[in-house]
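The values are calculated or read from the model by the stated rules, or taken from the named source; none is laboratory data. Source: prediction; values computed, not measured. Quick reminder, even Gly has a Cβ in these numbers, built from the backbone with ideal geometry, and neighbours come from all protein chains shown. Accessible surface areas use protein heavy atoms only, side chains included; no ligands, DNA or RNA. Shrake-Rupley method; radii C 1.70, N 1.55, O 1.52, S 1.80 Å.
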Amino acid sequence: MEILRIKVYLTGSIVTKGSADTAVMLPFTGECDCPLFKGNILPGGVDTQRIYPDGTGTLSARYTLEGVDDQGKPCHLFIDNAAVMDGDVEMVTYPVIRTDSESLRWLESADLRGAIEHFPDHIEIVISSEDRPGVKHIALRRAGLTLRGVLEKHVQGPAPLVLMLHGFGGRMDAFPGGWFQEWSDALTSAGFATLRFDFNGHGNSQGAFRDMTVFSEIEDAAAFLQYAMQLPDVTGISLLGHSQGGVVAGMLAGYYHDKIEKLVMLAPAASLKTDAIQGQCMGTVYDPQRIPDTVRVGATRLGGLYFRMAQKLPIYEVTGQFRGDTLAVIAGADGVVFGDNIRRYGEVMPHCRVVEKATLDHGLGGAEHAETVKEVVDFLHK
């Protein structure tokens, strides 16, 4: 539902080319004429951007509007509109609003999304809310970054919750046809609530992919776990992680062994430690004894700290502290993760069942996909 539409007129640009990225400042003016608010942008509005050589980057536009609210009373709206820029994905902004209007105070806690529409002489920022019955969008702050997630629950009353963790370079896929949406739909249909999110530097969460490490993802996941633990109608929490998200889920379960009921690891990428020791990552080769500051992985770059930490990750030592029921799935046609690394989970965890699905690839696609989804749901349901 559209809430605000703000016309923005750029008044100039200041560009500074740095050694690692380009900084851009775009001052602007503007106006808003909507049922909720009518007024103008006060002097000082500016869009600040950091653009990396590969075309990705971040932006944060901050400005204050002065006018009248839907009750005709004078008020101000302060808007901080942040976004991650990716040339291959339509940009979505995430506004945060503060106001001195009593009637518009609800905007401060609403989950808001922004879209940019371009016109010959101006642009328009369209702010809306995507929450709907059974689906609530979550925004958590950690280490100065806003992390985005989605909570889904379609049953009345208390329910168990599954915290879902995506893999390396992935996203939470909170849209029809999305990979994780299918898993969420299967779980919510079985009476679970699900909570999934984008790790820092992924999807709709802030941060640069190059700054991501396994430990930073554990901290991200812990923030959402702590959020889930505060929900009043959650009867228990289980974890489900895929690929690197499976490694993170396992270690998180080890750290929070007294809070987690069950653990599912789908093609967990425990071989990332072996790969880092050998100096390889998804086809990229580097010197493991002299790790560069950044390593190109596919179309993007990853910081050298990721690999330095990966070489020393206590994957099995930490995950082995979890004593709850665990299901680890080996994808038999996996070209990314080695089955032996996954079988080791069964050796260090007393209640871990390791199953192999011969036809599945790393993305869990294959003839046994539907069977695997059902087996996971049944495992969590028992």
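Key figures
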| quantity | calculated |
| --- | --- |
| Cβ crowding within 10 Å averaged over residues, with 300-310, 248-258 ranked highest first | 248-258, 300-310 |
| Degrees separating the helix 214-229 axis from the principal Cα axis of the chain, which is the longest one | 80 degrees |
| Which of Leu151, Leu65 is most accessible, then next, and so on - probe 1.4 Å | Leu151, Leu65 |
| Tilt relative to the chain, helix 179-189 - C-alpha long axis, 0 to 90 degrees, to 10 | 80 degrees |
| Hits among lysines - C-alpha to C-alpha of Lys374 under 20 Å, sequence gap 8 or more where chains match | Lys153, Lys262, Lys357, Lys382 |
| Rg/Rh (Cα only; Kirkwood hydrodynamic radius) as it applies to the chain | 1.01 |
| Apportionment of accessible area to carbon and sulfur, the chain, percent (1.4 Å) | 53 percent |
| Whole-number percent relative contact order across the range 193-263, with pairs defined as alpha carbons under 8 Å at least 6 apart | 24 percent |
| Residue-averaged 222 nm ellipticity for the chain, from DSSP H runs of 4+ at -39500 (n - 2.57), nearest 500 | -6500 deg cm²/dmol |
| In Å², nearest 10: area of Glu102 left accessible to a 1.4 Å probe | 140 Å² |
| Relative contact order [Cα under 8 Å, 6+ residues apart], the range 21-129, whole percent | 17 percent |
| Order of exposure, largest accessible area first, which applies to Ile138, Ile116 with probe 1.4 Å | Ile116, Ile138 |
| Sites Cys34 and Arg141, calculated FRET efficiency, Cβ-Cβ separation with R0 25 Å, nearest 0.05 | 0.35 |
| Taking all pairs of distinct alpha-carbon atoms in the range 103-248, Kirkwood radius in angstrom | 16.2 Å |
| Distance from the range 62-106 to the range 343-366 (C-alpha centre basis), Å | 46 Å |
| Chain lengthening between Thr284 and Val92 when straightened (0.36 nm per residue, less Cα-Cα) | 66.0 nm |
| For the range 37-144, alpha-carbon Rg over 2.2 N^0.38 Å | 1.16 |
| Length gained when the stretch Gln71-Asp233 is fully extended (0.36 nm per residue, less Cα-Cα span) | 54.7 nm |
| Considering only the range 222-337, percent of DSSP beta bridges that pair antiparallel, nearest 5 | 40 percent |
| Stokes-Einstein D in µm²/s, Kirkwood radius over Cα pairs - the range 266-329 at 25 °C with 0.890 mPa s viscosity | 189 µm²/s |
| Computed over the range 33-74: relative contact order in percent, which uses C-alpha pairs under 8 Å that are six or more apart | 46 percent |
| Modelled FRET efficiency - R0 25 Å, Phe215 with Arg343, Cβ distances, 0.05 increments | 0.50 |
| Long-range HN-HN contacts of Ala193 with modeled amide H, under 5 Å | Leu161, Val162 |
| Residue-normalised accessible area of the chain, expressed per residue, 1.4 Å probe, Å² | 45 Å² |
| Rounded to whole Å, sorted largest first: equivalent-ellipsoid semi-axes of the range 180-273, Cα gyration tensor | 21, 15, 15 |
| Separation between Cα centres of the range 223-292 and the range 147-168, rounded to whole Å | 17 Å |
| Approximate spin-label separation Lys17-Lys312, in nm, with each point projected 7 Å along Cα-to-Cβ | 3.8 nm |
